[in-house]
Amino acid sequence: MRLRALAAAAAALGTLTACGGGSGGDEKQTVTMWIYPNIADQTKHQAFWDEQTKAFEAANPNIDVKVEIYPWAKRDEALSTAIAGNKAPDVVYLIPDQLPKYGRTLEPVDAYLADKADYRDNALKSVTIDGKVMGAPILMSANPLVCNQKAFDAAGITEFPKTWNDVLTLAPKFKAKDVDVTNYWADPAATLNQSFYPLLWQAGGDVFSPDGRSAAFGGPEGVKALTFLKNLADGGFVEKDLLTGLPKFEQTRTAQNKVACTWQQLPADVESFWGKENIKVLPPLTDAKQVAYGTVGSLSLLKASDNKEAAGKWIGFATGAAPSKAYDLASGYFSPRKSTGSLYADDPVQAEVEKALDLTTAGPLHEKARDVMGVLAPEIQAALIGKKTPEQALADAAKAADALLGG
């Protein structure tokens, strides 16, 4: 979810409890949940869930909850293997673009959410497929525009960009002072959710057609977005090395205070390099629309669980207003709920990010979303390094995507 790495120890796969650890009725039931290191400190993360399970079990003495924390790396492979081997957990943490992938193995959680009206509209939409809620939101993130006051001071520029045109107008002025107006990670290994898709959405476009059967990014909106990026690349207004590789962040011009603004980094990514006092969080850039990427973390119920009622009860508890607020504060994320209000009113940086939550989207809920990203990213890179025009690159990507979609 963030570019910086998060490490955590993992229990051996062979020790996992299969879906449902008990039978039913009055017998003790066991609910197993897999989650990942949203709280980077493993000890603190485990302590948080120990506290929550203790509170839940006190109110539900016939249910035991086991929370197992796994690393982000290869989480899909581990989950898919566990599902295939009937060793999956009852509950698992998923983000929106994973939900369609596992859709056939998930149980809707609507019945376990007593307060759906409390969720932000975009948070609930991001976990809803065919009118059914497939994951209970527990956290949100937002990638608005993040600017470096130090870079603006170095270039003698006092106005921050609001639109694409502002970016293009400011770019030569920054370049004259050896500052890049923005950064762009074009290596295919970098997620398009944080790079190209925000521009596609801002141009008024989308990744898929409304029926999901064909690619839509090759239309005029996609061409406009990629042309905007190509103008930045051709003008030398973005770091050239990021177009072809993934250097360590500390080696980038962003970390060296040579980039004015970015929509691809979070404040936490740059704070140690820029200094918190230099971080200026602004609303997302605007073209036809004003929108940014933001994910939603949710707890989903596996269909194969033998203890669905117990697992659903746990999901309802763990994603309730009080536990999720505590989790969001401990992890540095934001609340998907309206009732919590501002979690970071006393933090000038986080409070500004929080204001952008309602302007975010988690992107397309499509089973082939990641596959399509895999054929589109190399074509975007080809356009930015001059091997293809934006039109040809997107046309070629759309052809490959349509083949994946059966179109």
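Just a few scattered comments:
- Output for the stretch 256-289, where each listed residue is closer than 17 Å to PHE152 by Cβ and among the hydrophobic types (A, V, I, L, M, F, W, C): VAL259, ALA260, CYS261, TRP263, VAL270, PHE273, TRP274, ILE279, VAL281, LEU282, LEU285
- Tally, over the stretch 62-76, of residues that are under 16 Å from the mean Cα position of the chain (by Cα) and of a type in the set (Lys, Arg): 1
- For the condition out of contact with any Ser or Thr (no Cβ under 8 Å at 6 or more places or on another chain) and within 29 Å of VAL207 (Cβ to Cβ), ALA268 qualifies.
- Any hit, the stretch 77-97, residues being under 15 Å from the mean Cα position of the chain (by Cα), surrounded by fewer than 19 Cβ atoms within 10 Å (Cβ to Cβ) and closer than 30 Å to TYR184 by Cα: no
- Check on VAL127, buried (at least 21 other Cβ atoms within 10 Å of the Cβ) and out of contact with any Phe, Trp or Tyr (no Cβ under 6 Å at 6 or more places or on another chain): yes
- Within the set GLY297, GLY316, the sole residue that is open to solvent by 10 Å² or more (accessible area, probe 1.4 Å) and within 23 Å of PHE48 (Cβ to Cβ) turns out to be GLY316.
- Any hit, the stretch 384-392, residues being among the aliphatic types (A, V, I, L, M) and closer than 26 Å to ALA233 by Cβ: yes
- Here ASN122 meets each of (1) open to solvent by 10 Å² or more (accessible area, probe 1.4 Å); (2) in contact with a Cys (Cβ under 8 Å, 6 or more places away or on another chain) with one exception, condition (2).
- Test: THR182 is surrounded by 23 or more Cβ atoms within 10 Å (Cβ to Cβ) and among the hydroxyl-bearing types (Ser, Thr, Tyr): yes
- Whichever residue in the stretch 335-374 is among the hydroxyl-bearing types (Ser, Thr, Tyr) and not in a loop (DSSP other than H, G, I, E, B) and, among such residues, is surrounded by the most Cβ atoms within 10 Å (Cβ to Cβ): THR360
- Residues of the stretch 307-334 that are within 22 Å of THR30 (Cβ to Cβ), outside any helix (DSSP H, G or I) and touching a strand residue (DSSP E or B) at 6+ places or on another chain (Cβ under 8 Å): ASN307, THR319.
- Among the residues of the stretch 167-221, those that are among the charged types (D, E, K, R) and touching an Asp or Glu at 6+ places or on another chain (Cβ under 9 Å) comprise ASP180, ASP206, ARG213, GLU221.
- For the stretch 32-76, filtered to residues that are closer than 18 Å to SER331 by Cα and among the small types (Gly, Ala, Ser), the residue that is surrounded by the fewest Cβ atoms within 10 Å (Cβ to Cβ) is ALA47.
- Conditions (1) closer than 18 Å to VAL291 by Cβ; (2) part of a helix (DSSP H, G or I); number of the one not met by PRO210: (2)
- Residues in the stretch 258-278 that are surrounded by fewer than 21 Cβ atoms within 10 Å (Cβ to Cβ), out of contact with any Gly (no Cβ under 7 Å at 6 or more places or on another chain) and not in a loop (DSSP other than H, G, I, E, B): PRO267, ASP269, GLU271, SER272, PHE273, LYS276, GLU277, ASN278.
The values are calculated or read from the model by the stated rules, or taken from the named source; none is laboratory data. Only a predicted model underlies this, so the values are computations on that prediction, with no experimental measurement involved. Cβ coordinates were reconstructed from backbone atoms using ideal geometry, including for glycine residues, and neighbour counts include every protein chain displayed. Please note that ligands, DNA and RNA were not included when accessible areas were found on the heavy atoms of the full protein model with its side chains. Shrake-Rupley method; radii C 1.70, N 1.55, O 1.52, S 1.80 Å.
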